Amino acid sequence: MLITPAELFFESIGRGVQEAGSALTSYAALIAQLENRVINTRKAFFSCWPSCKELQSKRVLYSKALMDKDIYFLEISGQSQSLVHQGQRNMTTIIEGVSGNTGFTLIDSGIPKICQGYFSTWVSKVSQLNKTTNSDMNNIFKGLSGMLKGDINGYKESGFELIKRQREAYAKSATEYKKYQVCRDQYEFDQYEN
């Protein structure tokens, strides 16, 4: 006899738990990779500072790592309306419980305390500019419905629209980000310059 519906149900729960565990492990690994990238690019930059042949390339890698850290903290801040970011916040909460750290200290001790006001202003501006509306949710559900019928275009289009709006929000909040960035960069030099 094949598997009964009840057995299938419990088997799918077991598979779901296994997949969730794998996702959490993968997410924790991504956080660790980002932290290592910040630390390693910082060491490389400041060991080269103020003048070495590779200073510009080390500066670019270091800046990119710090910006990726900023984006991570923006995403888990709770201000973003993205469903993907909600998933990241949920995973971060689980990791916090296991590690004893908080989400804002999981990577490189978090946002420097002296710069948190500037960071919060930037996060608020992005949030104001990037709200998910009921219409967005309806488009996502319509797209999912179409996908179940074999048409993925509606889902792709709604995703592209959300990504476009998020990019616009980042661009329109550049002034607020720049103020935070100046504070963050000064902090980095104050703490790590030899």
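Quick look at the values:
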quantity: Complete set of residues in region 171-194 that are surrounded by fewer than 17 Cβ atoms within 10 Å (Cβ to Cβ), in contact (Cβ under 8 Å) with a residue 40 or more places away in the chain and among the hydroxyl-bearing types (S, T, Y); calculated: Y187, Y192
quantity: Considering residues of region 45-99 that are modelled with pLDDT of 85 or more and small (G, A, S) only, the residue nearest to Q191 (Cα to Cα); calculated: S47
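The values are calculated or read from the model by the stated rules, or taken from the named source; none is laboratory data. Computed from a predicted structure; not experimentally measured. We place every Cβ from the backbone using ideal geometry, glycine too, and count neighbours over all the protein chains shown.
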